[in-house]
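Heads up, the thing below is written out as structure tokens.
Bear in mind these aren't lab numbers, they're just calculated from the coordinates by the rules spelled out. What you are looking at is a predicted structure, and each value in this text was computed from that prediction instead of being measured. Cβ placement follows ideal geometry from the backbone for every residue including glycine, while neighbour counts extend to all protein chains displayed.
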Amino acid sequence: MGRARRIGTGRQRGLTYLELLVAVSVVAVLASVAFPLHRYTQRRRDEARLRTTLRVVRVAIDQYKKYSDEGLIQQSDVEQLGYPRTLEELAEGVDVGDPQSPERRRLKFLARIPLDPLTSEERWGLRSYQDDWDSRSWGGENVYDVYSLSDGRALDGTSYADW
């Protein structure tokens, strides 16, 4: 029992200024790495959505061409060459069926004109069959292909308009 209690001689617990500065520095370094990584991930996601959207529209154009070649879609203009006149025609639908039969049905190839994920607009660059494969101006005869109107570059260095 001869031990006396000492009051106030224990060290107080807590962070020193230096420890706090090191902790804040570590958090700042981690945040500076995470922010560009988030932007990179978002850009990759937008590019994947663009690829998917282009594929959907191109499949719809090809399906229209297939029906036209089979004679199920009657076209009024020879210049169309079996392709739709506009993207709106794919979304609004066309009458499909045997020309000799009075029974026809309305077929939509797209539920609606999709938004370009990069520009957030329903506007697309269009090419007709008569245009050059890399043309940036639409001849207006038909819709053979679509491309993004974004003037940006992809992560792989290619232009979005070349996809």
For the chain, averaging the sequence separation of alpha carbon pairs under 8 Å that lie six or more residues apart and dividing by its residue count, the contact order in percent is 17 percent
All other residues with a Cβ under 15 Å from the Cβ of residue 120 taken together, and with Lys, Arg as +1 and Asp, Glu as -1, what is their net charge? -1
In whole Hz, what ³J(HN,Hα) sequence does the stretch 83-91 give by Karplus (6.51, -1.76, 1.60; θ = phi - 60°), x for Gly and Pro? 9, x, 6, 9, 5, 4, 4, 5, 7
What net charge is computed for the residues neighbouring residue 135, neighbours being all others with C-beta under 10 Å from the C-beta of residue 135, Lys and Arg scored +1, Asp and Glu -1? -2
Using alpha carbons only, how many degrees (0 to 90, rounded to 10) separate the axis of helix 17-69 from the longest principal axis of the chain? 10 degrees
Once label points are set 7 Å from the Cα along Cα→Cβ at both residue 108 and residue 45, what is their separation, rounded to one decimal in nm? 2.7 nm
What are the semi-axes of the equivalent ellipsoid of the stretch 1-143, taken as the square roots of 5 times the eigenvalues of the Cα gyration tensor, listed largest first and rounded to whole Å? 69, 18, 9
Cα-Cα pairs above 17 Å in the stretch 114-163: how many percent? 36 percent
